[in-house]
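The values are calculated or read from the model by the stated rules, or taken from the named source; none is laboratory data. If you're wondering where the values come from, they're calculated on a predicted model, not measured in any experiment. Don't worry about glycine lacking a Cβ; one is built from the backbone with ideal geometry, like all the others, and counts go over all protein chains shown. With ligands, DNA and RNA removed, areas are computed over all heavy atoms of the protein, side chains included. Shrake-Rupley method; radii C 1.70, N 1.55, O 1.52, S 1.80 Å.
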Amino acid sequence: QAMLKSLDPYTEFANNKAKEDLEIQTFGRYGGVGLGVAEDWKVGVNGQEKDSRSMRVMSAMEGYAYDAGMRPGDHLLSIDGVRLEGKNMAQVTQLLRGEPGTDVKVTFVRDGSPEEQAVTLHRRQI
């Protein structure tokens, strides 16, 4: 970073995370599992309140997470053993993404079923 200070004022240092984010924004490709997730909200007495099971599957792509048994509406509990309580959307997305060809274990619960379920999802180029 110190070396860049001697360059023009428009040159910036980008760490690996920033580089990955830029590549996703620029090319729209990344290693993923085919899940669309969103923070889950419920309507409470004083407006919207965050649900205690805060990350919900909004879409599961066929050929990816859907074929492994995940469905829209499932509540994500952990990713590779990392519990999701208190995690924001960016943190959850970061846990799901990774190098194409690698696997990730996702634990979830489905509405109407008290039992946790776990699947191993294979990351592919999205």
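Calculate the spin-label point distance for Gln91 paired with Gln117, positioning each point 7 Å from the Cα along the beta-carbon direction, and give it in nanometres.
Placing both labels 7 Å beyond Cα along the Cβ direction yields 2.6 nm.
Could you calculate the contour length gain from Val109 to Ser59, that is, 0.36 nm times the residue separation minus the distance between their Cα atoms, to one decimal place in nm?
In short, 16.5 nm is gained.
Mind ranking Met58, Met89 by accessible surface for me, highest first, 1.4 Å probe?
From most exposed to least exposed: Met58, Met89.
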